[in-house]
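Here is the structure we will look at, set down as structure tokens.
The values are calculated or read from the model by the stated rules, or taken from the named source; none is laboratory data. Predicted model only: the values in this text are computed from it and were never measured. Cβ placement follows ideal geometry from the backbone for every residue including glycine, while neighbour counts extend to all protein chains displayed.
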Amino acid sequence: MLLTALALLVAAGLLTAGTGYWAYEHYTGRVQRIPQTFPTNAPVPPPSRGGRNYLLVGLDSRSAVATTGNDAKGALWKYGDQRSDAMMLVHIPDDHSSAYVVSLPRDSWVDIPGRGRAKLNAAYSWGGPPLLIDTVQRLTDVRVDHFAVIDWNGFRKLTDAVGGVDMSMPDGERRHMNGEQALAYVGERKSLPNGDLDRAHRQQNYLRTVLEKVTTSASLSDPLRLKETLDIFTDTISVDERFSDTDMRELVWNMKGVRAGDMTFMNAPVKGTGTEKGQSVVHLDKVACAELWKAFKESSMAAYLSTHRVDRLRAATN
């Protein structure tokens, strides 16, 4: 979920602290790679024209120990033990001037290859990264170029590593949250009027707040504090095995000028909610989604946003 935040943090930190090429090699080389991330014997959409797409995932794991990053003591995936609680498909244009983040509601009622209709978050539980990627690619016809995952143990550590976050509340106030409090904030659903959709906006609001903090914080000029924070980032995030050190360094460098205000956060278009097999679900709007994914594939998101109404994250969300 925080791959882009990692890239921005590293870029801002390295440029400020002047640690140079060694730090690029050191930290990108430490990020844990996931073997056999991508599906085999499955259709692969053509690459997007003029950009790349990243699937960022936050895991709701039953494990009491870390399952992602170099700190992992438990399995990244074990049948039935983890569900993808947060899923964001991110498009970054080739000019790296912006990023477009679309949350896929975890309760979306979709076709899961070999399993039939079910909630989207069940794909990871049943088949780990390959089945989730296959499901998302078939759902969107958008190629997933890279994949990143963090579990909630890592989420708490990352939040505390940056000194907590000051979240915007509906009344305009900002509330300081540590890792445990932030996790409760992004995980809440039942008390929110729009359920899963409002939870997705909370997750987006959290990510935007972290980005704002790490790209403006004076602590980035403190080499010791910066090193400690980067150590936590690389200890808690896992990425696909195709995401090479070179790819990561290029992303870090090319995104160094991007700030939270250059990013657009939105939810995938939905028709509404309902009940399937006794479960509360979200029904995606197939026609509206097709137009969004077409913009992903054509790297025409700026034009799309100028002509379409979207469920976009506001300046302050609940």
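Summary of computed values
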read-out: Among residues of the range 186-200, those that are farther than 18 Å from Ile150 by Cα and either part of a helix (DSSP H, G or I) or in contact with a Phe, Trp or Tyr (Cβ under 9 Å, 6 or more places away or on another chain) (or both), counted; value: 3
read-out: Unmet criterion (only one of (1) at pLDDT below 85; (2) among the hydrophobic types (A, V, I, L, M, F, W, C); (3) in contact with a helix residue (DSSP H, G or I) (Cβ under 8 Å, 6 or more places away or on another chain)) for Val57; value: (1)
read-out: Scan of the range 27-56 for residues that are surrounded by 13 or more Cβ atoms within 10 Å (Cβ to Cβ) and not in a loop (DSSP other than H, G, I, E, B), ordered by number; value: Tyr27, Thr28, Arg30, Gln32, Arg33, Ile34, Gly51, Arg52, Asn53, Tyr54, Leu55, Leu56
read-out: Those residues of the range 98-127 which are over 30 Å from Gly257 (Cα atoms), of a type outside the set (A, V, I, L, M) and assigned to a loop (DSSP other than H, G, I, E, B), in sequence order; value: Arg106, Asp107, Pro113, Gly114, Arg115, Asn121
read-out: Tally of residues being surrounded by 13 or more Cβ atoms within 10 Å (Cβ to Cβ), modelled with pLDDT of 90 or more, more than 19 Å from the chain's Cα centre (by Cα) and not β-branched (Val, Ile, Thr) across the range 253-279; value: 2
read-out: Matching residues in the range 153-174 - criterion: being part of a strand (DSSP E or B) and crowded, with 20+ Cβ neighbours inside 10 Å; value: Val165, Met167
read-out: Inter-residue pairs, beta-carbon under 9 Å, first under 27 Å from Glu291 (Cβ atoms) and among the aromatic types (Phe, Trp, Tyr) and in the range 121-139, second surrounded by 23 or more Cβ atoms within 10 Å (Cβ to Cβ) and modelled with pLDDT of 95 or more, 6+ apart; value: Tyr124/Leu132; Tyr124/Thr135
read-out: Tabulated pairs, the range 152-165, first at positive phi, second part of a strand (DSSP E or B), C-beta under 6 angstrom, 6+ apart or interchain; value: Gly164/His176; Gly164/Met177
read-out: Close pairs from the range 182-209: first without any contact (Cβ under 8 Å) to a residue 12 or more places away in the chain, partner not acidic (Asp, Glu), Cβ under 8 Å, at least 6 apart; value: Arg189/Gly195; Arg189/Arg199
read-out: Condition met for Val282 (touching a Pro at 6+ places or on another chain (Cβ under 9 Å) and within 17 Å of Arg199 (Cβ to Cβ)); value: yes
read-out: Of all residues making up the range 159-172, the number that are modelled with pLDDT under 80 and in contact with a Ser or Thr (Cβ under 7 Å, 6 or more places away or on another chain); value: 2
read-out: The lone exception for Ile150 - which of (1) within 30 Å of Met301 (Cα to Cα); (2) modelled with pLDDT of 85 or more; (3) in a strand (DSSP E or B) it fails; value: (2)
read-out: Residues (at pLDDT below 95 and among the acidic types (Asp, Glu)) located in the range 95-124; value: Asp95, Asp107
read-out: Odd one out for Leu305, checked against (1) surrounded by fewer than 16 Cβ atoms within 10 Å (Cβ to Cβ); (2) part of a helix (DSSP H, G or I); value: (1)
read-out: Answer from Gln181, Gln204 - the residue that is over 19 Å from Arg106 (Cα atoms), modelled with pLDDT of 85 or more and either of a type outside the set (Val, Ile, Thr) or crowded, with 19+ Cβ neighbours inside 10 Å (or both); value: Gln181
